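What follows is a single structure, and I will ask about it in a moment.
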Amino acid sequence: MADLRSRIITILEHNGLIFDGMSEDSTLVFDSIQFITVIVELEEEFDIEIPDEYLLSEEISCIDSIVNIVNNIMSNNDKVESGKLVYIKPH
């Protein structure tokens with residue numbers, strides 16, 4: 001999970017969303033372009049598709065929430081949760 005977290009932090013740093021002194025639960029402030037860019041980069045980096053219900057700024061509000069979302073998607077490949085399919089994109 002440390003590797004997952006560090007890869008996510010790298011994506012956030014690349015998009016100017018992490019600053020010195022921020023904690024893992026500090027609220028991230030995205031503009032609309034940063035938000036879409038981060039989602040696309042996460043999907044490409046981890047070869048996943050983030051379901052629509054996670055595509056809200058309230059869901060992706062801090063480093064911890066992003067780590068949990070990505071980890072959940074990766075661990076629940078092809079499983080149905082609450083009637084919704086969570087899956088990894090086919091190659």
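The values are calculated or read from the model by the stated rules, or taken from the named source; none is laboratory data. Everything numeric here is computed off the predicted structure, so don't read it as measured data. Every residue, glycine among them, receives a Cβ derived from its backbone with ideal geometry; neighbour counts consider all protein chains shown.
So the check is Cβ under 7 Å with 6+ separation or different chains; which pairs have a first residue in segment 27-39 that's assigned to a helix (DSSP H, G or I) and a second one that's surrounded by 11 or more Cβ atoms within 10 Å (Cβ to Cβ) and hydroxyl-bearing (Ser, Thr, Tyr)?
Sorted first by the residue in segment 27-39, then by its partner, the pairs are PHE35/SER57.
Considering only segment 1-10, how many residues are surrounded by 12 or more Cβ atoms within 10 Å (Cβ to Cβ) and either without any contact (Cβ under 8 Å) to a residue 12 or more places away in the chain or closer than 17 Å to LEU56 by Cβ (or both)?
The number of residues fulfilling the criteria is 1.
Residue by residue, here is whether (1) of a type outside the set (Ser, Thr, Tyr); (2) assigned to a helix (DSSP H, G or I); (3) touching a residue at least 12 places away in the same chain (Cβ under 8 Å) holds:
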{"site": "GLU49", "(1), (2), (3)": "yes, no, yes"}
{"site": "ASP64", "(1), (2), (3)": "yes, yes, yes"}
{"site": "ASN68", "(1), (2), (3)": "yes, yes, no"}
{"site": "MET74", "(1), (2), (3)": "yes, yes, yes"}
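I'm told ASN76 meets every condition in (1) exposed (fewer than 12 other Cβ atoms within 10 Å of the Cβ); (2) touching a strand residue (DSSP E or B) at 6+ places or on another chain (Cβ under 8 Å) except one. Can you identify the failing condition by its number?
With respect to (1) exposed (fewer than 12 other Cβ atoms within 10 Å of the Cβ); (2) touching a strand residue (DSSP E or B) at 6+ places or on another chain (Cβ under 8 Å), ASN76 is out only on (1).
Could you identify the single residue in GLU13, GLU58, GLU53 that is touching a strand residue (DSSP E or B) at 6+ places or on another chain (Cβ under 7 Å), at pLDDT below 95 and surrounded by fewer than 14 Cβ atoms within 10 Å (Cβ to Cβ)?
Details: GLU13 fails: touching a strand residue (DSSP E or B) at 6+ places or on another chain (Cβ under 7 Å); GLU58 fails: touching a strand residue (DSSP E or B) at 6+ places or on another chain (Cβ under 7 Å).
Matching residue, one of GLU13, GLU58, GLU53: GLU53.
Quickly run through segment 61-82 and pick out the residues that are modelled with pLDDT under 80 and charged (D, E, K, R). Show your work before the answer.
Looking only at segment 61-82, we keep the residues that are modelled with pLDDT under 80, and these are 77-82.
Hits for segment 61-82 are ASP78, LYS79, GLU81.
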